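The values are calculated or read from the model by the stated rules, or taken from the named source; none is laboratory data. This structure is a prediction, so every number in the text was calculated from the model and none was measured. Here the Cβ positions follow ideal geometry from the backbone for every residue, glycine too, while neighbour counts run over all protein chains shown.
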Amino acid sequence: MNPIGIYEKALPDKMNWHEKLEQAKEIGFDFVEMSIDEQDERLARLDWSKEERQDFVYSLKKTKMRVPSICLSGHRRFPLGSNHANVRNKALDIMKKAIDLADDIGVRVIQLAGYDVYYEERNEQTRSYFIENLRKSCEWAAEKQITLAIEIMDDPFINSISKYLEISEKINSPWLYVYPDLGNISAWANDVPQELKKGRNHIAGIHLKDTIPVTGNQKGKFKEVPFGEGCVNFVASMKALREINYTGPFLIEMWSGKSESYVSEINSAIDYLKPLLKKGGYNYDQKFKSNKGISFSS
């Protein structure tokens, strides 16, 4: 059965890592995906001490859980394609530290945001910088045997697997993959099954998320859309993945950690997704427990 995990931000920030892993395990997940976003407190994880890294690994062993991937969205603030040399240098520093951290704590995949820039104006130069620095990042990743996987994003720069493949061809590295987010890829009016088939030999993982589509008069909505209120055809996507014999992980991407009823929200997402995944050929009927919460320290 394909492993299925939950995004770290679906769980409360006030939980420590041991508690997050125990909670995810109690609900029935196989793994948690770590978030290192643009916030200073999450970027600080890149500078964990040797003892902090050892404590994290101990929590993995103690709970018998896995954190096989990092969502490294910190490059949104410090993009690899920035017009400014000091920002590009910071982006590369983040990348190098993330690869070293992944190597130390057993993470196999670092998911990269598919932006050349986000808060700046993009141009041909930002695209060129992005490709140049992604190539350098893949060289570092190869040294540590860490896979880099570009997420299909909420931005036109890489909003399809086809666009990822154009970048991948230029990089030409066996350590570069794609991490399709079914919500993001659906919001851009892509032919999602065909896109998934195009990426059949490049997919490192799949995000399960719903989105409001981008249209001529609306920008769409890419985060915190309740499952069932968006545009994603999960059944068609699952059937396409089954057709290409996708046996990799699924990751439910949610931001319910801010809610007091986060367990209920996660279970509602599971209840919505299970029958749709089953229709597509992925059966999790016996996988999850219902409404399981644990106590945690303040």
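Step by step: first the residues of segment 56-76, then only those that are in contact (Cβ under 8 Å) with a residue 24 or more places away in the chain and surrounded by fewer than 16 Cβ atoms within 10 Å (Cβ to Cβ), then the one that is nearest to residue 90 (Cα to Cα). Which residue is that? Full working, then the answer.
The initial filter retains those residues of segment 56-76 that are in contact (Cβ under 8 Å) with a residue 24 or more places away in the chain, namely 56-57, 59-60, 62-76.
Going one step further and asking which of them are surrounded by fewer than 16 Cβ atoms within 10 Å (Cβ to Cβ), we end up with 57, 62, 64.
Numbers: 57: 27, 62: 35, 64: 35 Å.
Selected residue: 57.
Please find, among 13, 30, the residue that is touching a residue at least 60 places away in the same chain (Cβ under 8 Å), under 20 Å from the mean Cα position of the chain (by Cα) and surrounded by 18 or more Cβ atoms within 10 Å (Cβ to Cβ).
Numbers: 13 fails: surrounded by 18 or more Cβ atoms within 10 Å (Cβ to Cβ).
That would be 30, the only listed residue that is touching a residue at least 60 places away in the same chain (Cβ under 8 Å), under 20 Å from the mean Cα position of the chain (by Cα) and surrounded by 18 or more Cβ atoms within 10 Å (Cβ to Cβ).
Please give the number of the condition residue 217 fails out of (1) of a type outside the set (Val, Ile, Thr); (2) farther than 15 Å from residue 179 by Cβ; (3) in contact with a strand residue (DSSP E or B) (Cβ under 8 Å, 6 or more places away or on another chain).
Answer for residue 217: the failing condition is (3).
Name the residues in segment 177-189 that are assigned to a loop (DSSP other than H, G, I, E, B) and under 19 Å from residue 5 (Cα atoms), would you?
Selection gives 180 alone.
The rows are residues; the columns are (1) within 18 Å of residue 53 (Cβ to Cβ); (2) at pLDDT 95 or above; (3) not small (Gly, Ala, Ser).
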{"position": "5", "(1), (2), (3)": "no, yes, no"}
{"position": "18", "(1), (2), (3)": "yes, yes, yes"}
{"position": "24", "(1), (2), (3)": "no, yes, no"}
{"position": "30", "(1), (2), (3)": "no, yes, yes"}
{"position": "35", "(1), (2), (3)": "yes, yes, no"}
{"position": "38", "(1), (2), (3)": "no, yes, yes"}
{"position": "43", "(1), (2), (3)": "yes, yes, yes"}
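Please specify each residue of segment 145-176 satisfying the condition of being among the aromatic types (Phe, Trp, Tyr) and either crowded, with 23+ Cβ neighbours inside 10 Å or in a loop (DSSP other than H, G, I, E, B) (or both). Spell out how you get there, then give the answer.
Filtering segment 145-176 for residues among the aromatic types (Phe, Trp, Tyr) gives 157, 164, 175.
164, 175, listed by residue number.
So which residues in segment 253-274 are touching a helix residue (DSSP H, G or I) at 6+ places or on another chain (Cβ under 6 Å) and within 23 Å of residue 178 (Cβ to Cβ), if there are any at all?
Result: 254, 255.
Please determine, by comparing only the residues of segment 198-246 that are aromatic (Phe, Trp, Tyr) and farther than 21 Å from residue 112 by Cβ, which one is surrounded by the fewest Cβ atoms within 10 Å (Cβ to Cβ).
Among those that are aromatic (Phe, Trp, Tyr) and farther than 21 Å from residue 112 by Cβ, it is 227.
Please go through segment 190-223 and give me each residue that is outside any loop (DSSP other than H, G, I, E, B) and either aromatic (Phe, Trp, Tyr) or modelled with pLDDT under 95 (or both), ordered by number.
Pass one, segment 190-223, residues outside any loop (DSSP other than H, G, I, E, B): 192-198, 203, 206-208, 210-212, 215, 218, 221-223.
Hits for segment 190-223 are 215, 218, 222.
Go through segment 236-270 and give me each residue that's in a helix (DSSP H, G or I), over 21 Å from the mean Cα position of the chain (by Cα) and over 26 Å from residue 149 (Cβ atoms).
If the condition is that a residue be in a helix (DSSP H, G or I), over 21 Å from the mean Cα position of the chain (by Cα) and over 26 Å from residue 149 (Cβ atoms), then 264 is the only one that fits.
When both residues are 6+ apart or on different chains and their Cβ atoms are under 6 Å apart, which pairs have a first residue that lies in segment 196-221 and is touching a residue at least 24 places away in the same chain (Cβ under 8 Å), and a second that is assigned to a strand (DSSP E or B) and among the polar types (S, T, N, Q)?
From residues that are touching a residue at least 24 places away in the same chain (Cβ under 8 Å), the pairs are 204/147.
Of everything in segment 111-128 that's hydrophobic (A, V, I, L, M, F, W, C) and either free of Cβ contacts under 8 Å to residues at least 12 places away in the same chain or not in a loop (DSSP other than H, G, I, E, B) (or both), which residue is surrounded by the most Cβ atoms within 10 Å (Cβ to Cβ)?
Selected residue: 112.
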